[in-house]
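The values are calculated or read from the model by the stated rules, or taken from the named source; none is laboratory data. Owing to the predicted nature of the structure, the values given are computational and were not obtained by experimental measurement. Ideal geometry is used to build each Cβ from the backbone, glycine not excepted, and the neighbour counts take in all protein chains shown. Heads up: the accessible areas ignore ligands, DNA and RNA and are worked out on the full protein's heavy atoms, side chains in. Shrake-Rupley method; radii C 1.70, N 1.55, O 1.52, S 1.80 Å.
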Amino acid sequence: MTPSAIEVQMICRKVDELCGIQWDESKTYLIESRLKPLLNSFGLTSYEALIRSIPLNDKLRIALIDAITTRETLFFRDDAAYQALEHKALPEIIDARSGTLFPKKLRIWSAACSSGQEPYSIGMMLHRMIPDIHNWNIQIHATDISEAAIAHASRGRYSDLEMSRGIPADIKAKYFTRVGSEWQICDQIRSLVSFEKRNLLNPLTALGRFDVVLCRNVAIYFDLPVKRDLFERLANVMETHGVLIVGTSENLMGYGQRWAPQRHCRSVYYRPNLLEQPC
Ligand SMILES: C[S@@+](CC[C@H](N)C(=O)[O-])C[C@H]1O[C@@H](n2cnc3c(N)ncnc32)[C@H](O)[C@@H]1O
């Protein structure tokens with residue numbers, strides 16, 4: 001069933017309201033391919049009925065968000081970004097913390113973690129980088145708006161296809177075990193990561209401050225005011241020496257004075273500028 005022009009408008013407004021993702025009539029094919037299955041499973045007769053049912057039906061809202069979101073990800077996505085983290089940003093932070101009294105703490109936030117490849121990649125990287133990791137309090141907080149994404153990530157189990165994307169053989173052998181037809185991340189890495197369902201449009205409350213924030217390949221779906229507001233608010237959850245990593249196709253040029261670009265080889269990451277701190 002193809003949505004009418006009015007239904008497309010209603011859906012695009014609802015998608016924007018729920019998650020900030022910008023859809024327009026050019027996405028009619030996506031609406032049909034992703035939302036039509038919901039009509040069948042929730043016994044709805046039209047897209048208009050689907051939109052009208054959202055405020056009344058939590059399960060439908062959750063299923064709609066799962067259907068809307070594009071959760072494409074892979075382990076160690078974008079080599080240059082991980083090189084910058086491993087060889088520049090993280091060693092500086094780790095060196096600075098090494099002198100502090102026990103426990104040495106490191107807080108990282110994967111702000112749109114999808115099915116978990118990003119936070120686990122960071123966990124495996126830190127495990128290799130910090131020989132006395134047992135003396136550290138490492139917290140990798142991983143959040144996403146999609147319940148399906150968080151469930152997958154929290155389970156930490158991946159198919160052969162997912163494992164074939166980004167994981168070198170030695171890392172796979174070291175940190176994963178075969179369980180049936182899938183691969184399970186080991187407890188040592190799993191225990192570094194906590195998961196939470198969180199909408200980046202909402203206030204960033206109760207998060208504390210982070211040494212590293214990865215906000216990658218999610219703001220590309222938002223419009224400019226939402227992007228600006230998000231990156232403004234992210235500056236407030238960073239430690240002063242903290243580092244923000246965005247996706248390879250993203251940059252914070254033109255987003256005001258809150259972020260200073262830092263370069264490492266082919267990669268750019270950002271540090272918060274110590275300007276005023278709006279709340
Ligand atoms: C393309 S994936 C990126 C995953 C990972 N960061 C990476 O770069 O590989 C985008 C993720 O953003 C999440 N997302 C979309 N809108 C969001 C929002 N408003 N708040 C939090 N997460 C959101 C989606 O559920 C999806 O998992």
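Points worth noting:
- A simple charge model with +1 on the Cβ of Lys and Arg, -1 on the Cβ of Asp and Glu and nothing else charged puts the dipole of the chain at about 440 debye relative to its Cα centre.
- Pairwise Cα distances in the range 79-272 exceed 19 Å in 60 percent of cases.
- 3J(HN,Hα) along the range 48-63, derived from phi through the Karplus expression 6.51 cos²θ - 1.76 cosθ + 1.60 where θ = phi - 60°, amounts to 4, 4, 4, 5, 5, 7, 4, x, 9, 9, 4, 5, 5, 4, 5, 5 Hz, with x in place of Gly and Pro.
- Most tightly packed first, judged by the mean number of other beta-carbon atoms within 10 Å of their residues, the peptides 118-129, 218-229, 25-36 read 118-129, 218-229, 25-36.
- In this view, the solvent-accessible surface of W136, computed with a 1.4 Å probe and all protein chains in place, comes to about 20 Å².
- Exposure ranking of S46, S164, S114 by accessible area [1.4 Å probe, largest first]: S164, S46, S114
- Ranked by the mean number of other Cβ atoms within 10 Å of their residues, highest first, the peptides 237-245, 200-208 come out as 237-245, 200-208.
- Net length available on complete extension from D58 to N199 is 49.2 nm, with 0.36 nm assigned per residue and the Cα-Cα distance removed.
- Under 22 Å from the Cα of K105 - lysines, other chains or at least 8 residues apart: K88
- The chain: most fluctuating residue of I171, I65, I185 per GNM, C-alpha cutoff 10 Å: I171
- Partners of K14 within straight-line reach, counting lysines whose Cα lies under 20 Å from its Cα and excluding those fewer than 8 residues away in the same chain: K27, K36, K59, K197, K227.
- With both residues required to sit in the chain, DSSP beta bridges show an antiparallel share near 40%.
- Exposure of R165 as accessible area (Å², to 10), given a probe of 1.4 Å and all protein chains: 90
- Projecting the Cα atoms of N135, F231, P91 onto the charge dipole of the chain (Cβ charges, centred on the Cα centre) puts N135 farthest toward the positive pole.
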